[in-house]
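Engineer: Just passing along the structure, written as structure tokens.
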Amino acid sequence: MADSTNLQAHAYSAQGTPRETVALPGDVFDGTVNMPAMHLAVKAYLANQRQGTHATKTRRWVVGGNQKPWRQKGTGRARQGSTRAPNWPGGGTVFGPQPRGYTQSITRQAKALARKSALNARAGEGALHVIDAFQYTAPKTSQMAQLLARLDVAHRKVLVLTDGVKPNVFLSGRNLPNVHVMPYADASTYHILWSDVVLVESGALGAAMAPMAEKAAAKVKVVKKKSAAPAAEVADAPKATKKTAAKAAAPKAAAKKAAPKAAAKKAAPKAAAKKAAPKKKGK
């Protein structure tokens, strides 16, 4: 069955501090729970874990006993042909297990439906929580244990789904009993149904999983930037008037600078004539 309303989950920081609830993405968490699909997926997963290498020896593989233990007649005992017959101690095994394959396959659509149903089942029970990104620079089992203790799930089976492969987070939860850490993309239907509580890293569910409080803050910032735009235009207005005034005054300043140069050019011929006059008198 499916529910048109999107499911919600409690959000926590990486240290276990409660945050506001978040709306889970509707493309996965739409309320669909298909029991037959989950049954097929779990049965196929468990069957595929079997190696199928078991083997027992029939009478043809048991060493020795190829000769007749006693003659056929005259002993008063039942006739026997070999000491390695199934009715003899140390003899062969009848209809014992032999190597075989237990592989079962289901379609990709059925597998995806089963995984989606398992996630919706945990989210509908309130057993799926969203955690901020883990920033573990080194493996710290105590840090993971503190997180589970603050969430009050240390005594339950916990599945931690990370955004991609994070070795430090994996090593931090490896020694904790009933804690399994794996990437979100690798989680199967069996792993999700095995756990009592599922902790999903927010980045694994996409950018739409940001907490509601952070979304509201982002909107306020955008509004502030838009409202500050007219004030910036008013502040730039005096600068524009100063630039236009400077452009208007530029020709006048250039004329003042050019006037002394022109006067000097006009006076140059007169000075040259004065210098040449005494030379003529000396002759």
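Engineer: Working only within region 187-209, note down all residues that are assigned to a helix (DSSP H, G or I) and modelled with pLDDT of 95 or more.
Structural biologist: To start, the set of residues in region 187-209 that are assigned to a helix (DSSP H, G or I) comprises 189-194, 202-205, 207-209.
The answer is Thr189, Tyr190, His191, Ile192, Leu193, Trp194.
Engineer: Kindly indicate the residue of region 17-36 that is loosely packed, with under 14 Cβ neighbours inside 10 Å and either acidic (Asp, Glu) or not assigned by TED's automatic domain parsing to the domain that holds Leu193 (or both) and also farthest from Gly206 (Cα to Cα) among those meeting that condition.
Structural biologist: By that ranking, first place goes to Glu20.
Engineer: Out of all the residues in region 134-155, is one or more assigned by TED's automatic domain parsing to the domain that holds Leu119, surrounded by fewer than 16 Cβ atoms within 10 Å (Cβ to Cβ) and closer than 29 Å to Ala47 by Cβ?
Structural biologist: no
Engineer: For region 11-44, what are the residues that are part of a strand (DSSP E or B) and touching a residue at least 12 places away in the same chain (Cβ under 8 Å)? Spell out how you get there, then give the answer.
Structural biologist: So the first thing to find is which residues in region 11-44 are part of a strand (DSSP E or B), and the list is 11-12, 18-23.
Across region 11-44, the qualifying residues are Ala11, Tyr12, Arg19, Glu20, Thr21, Val22, Ala23.
Engineer: Further question on the same structure: If I ask for residues that are in a helix (DSSP H, G or I) and surrounded by 19 or more Cβ atoms within 10 Å (Cβ to Cβ), which ones from region 84-122 would you list? Talk me through it step by step, then tell me what you get.
Structural biologist: Of all residues in region 84-122, those in a helix (DSSP H, G or I) come to 108-122.
Matches in region 84-122: Leu113, Ala114, Arg115, Lys116, Ser117, Ala118, Leu119, Asn120, Ala121, Arg122.
Engineer: Please identify the pairs in which a residue from region 86-104 that is over 15 Å from Trp61 (Cβ atoms) has its Cβ atom under 6 Å from the Cβ atom of a residue that is not in a loop (DSSP other than H, G, I, E, B), counting only partners at least 6 apart or on another chain.
Structural biologist: Qualifying pairs under 6 Å: Tyr102/Ala47; Thr103/Asn48; Gln104/Ala44; Gln104/Ala47.
Engineer: What residue, of Ala41, Ala14, Ala55, Ala78, is within 25 Å of Glu125 (Cα to Cα) and either at pLDDT below 95 or surrounded by fewer than 15 Cβ atoms within 10 Å (Cβ to Cβ) (or both)?
Structural biologist: Details: Ala41 fails: either at pLDDT below 95 or surrounded by fewer than 15 Cβ atoms within 10 Å (Cβ to Cβ) (or both); Ala55 fails: within 25 Å of Glu125 (Cα to Cα); Ala78 fails: within 25 Å of Glu125 (Cα to Cα).
Of the residues listed, the single one that is within 25 Å of Glu125 (Cα to Cα) and either at pLDDT below 95 or surrounded by fewer than 15 Cβ atoms within 10 Å (Cβ to Cβ) (or both) is Ala14.
Engineer: Now, a different point. Take the residues of region 45-83 that are under 36 Å from the mean Cα position of the chain (by Cα) and part of a loop (DSSP other than H, G, I, E, B): which is nearest to Ile192 (Cα to Cα)? Give the derivation first.
Structural biologist: Of all residues in region 45-83, those under 36 Å from the mean Cα position of the chain (by Cα) come to 45-52.
Then drop every residue that is not part of a loop (DSSP other than H, G, I, E, B), which leaves 49-52.
On the way: Gln49: 17, Arg50: 20, Gln51: 23, Gly52: 25 Å.
Among those that are under 36 Å from the mean Cα position of the chain (by Cα) and part of a loop (DSSP other than H, G, I, E, B), it is Gln49.
Engineer: Go through Gly26, Gly91 for me and flag whichever is among the small types (Gly, Ala, Ser) and over 29 Å from the mean Cα position of the chain (by Cα).
Structural biologist: Unique residue meeting the criteria: Gly91.
Engineer: Same structure, new question: So, Tyr136, is that one among the aromatic types (Phe, Trp, Tyr) and touching an Asp or Glu at 6+ places or on another chain (Cβ under 8 Å) or not? Before the answer, list the steps.
Structural biologist: Working: among the aromatic types (Phe, Trp, Tyr): yes; touching an Asp or Glu at 6+ places or on another chain (Cβ under 8 Å): no.
For Tyr136, the condition - among the aromatic types (Phe, Trp, Tyr) and touching an Asp or Glu at 6+ places or on another chain (Cβ under 8 Å) - is not met.
Engineer: Continuing with this model, one more query. With Val130, Val62 as the choices, which residue is surrounded by 15 or more Cβ atoms within 10 Å (Cβ to Cβ) and touching a His at 6+ places or on another chain (Cβ under 8 Å)? Write out each step before concluding.
Structural biologist: Details: Val62 fails: touching a His at 6+ places or on another chain (Cβ under 8 Å).
On inspection, the qualifying residue turns out to be Val130.
Engineer: What are the pairs with Cβ atoms under 7 angstrom where one residue, in region 52-75, is within 28 Å of Thr103 (Cα to Cα) and the other, located anywhere, is basic (Lys, Arg) and assigned to a loop (DSSP other than H, G, I, E, B)? Sequence gap at least six, or different chains.
Structural biologist: Going by the 7 Å Cβ cut-off, the qualifying pairs are Gly52/Arg100.
The values are calculated or read from the model by the stated rules, or taken from the named source; none is laboratory data. The structure presented is a predicted model; accordingly, all values stated were derived computationally and were not measured. Because the Cβ atoms are built from the backbone with ideal geometry, glycine has one as well, and the counts that use them run over all protein chains shown.
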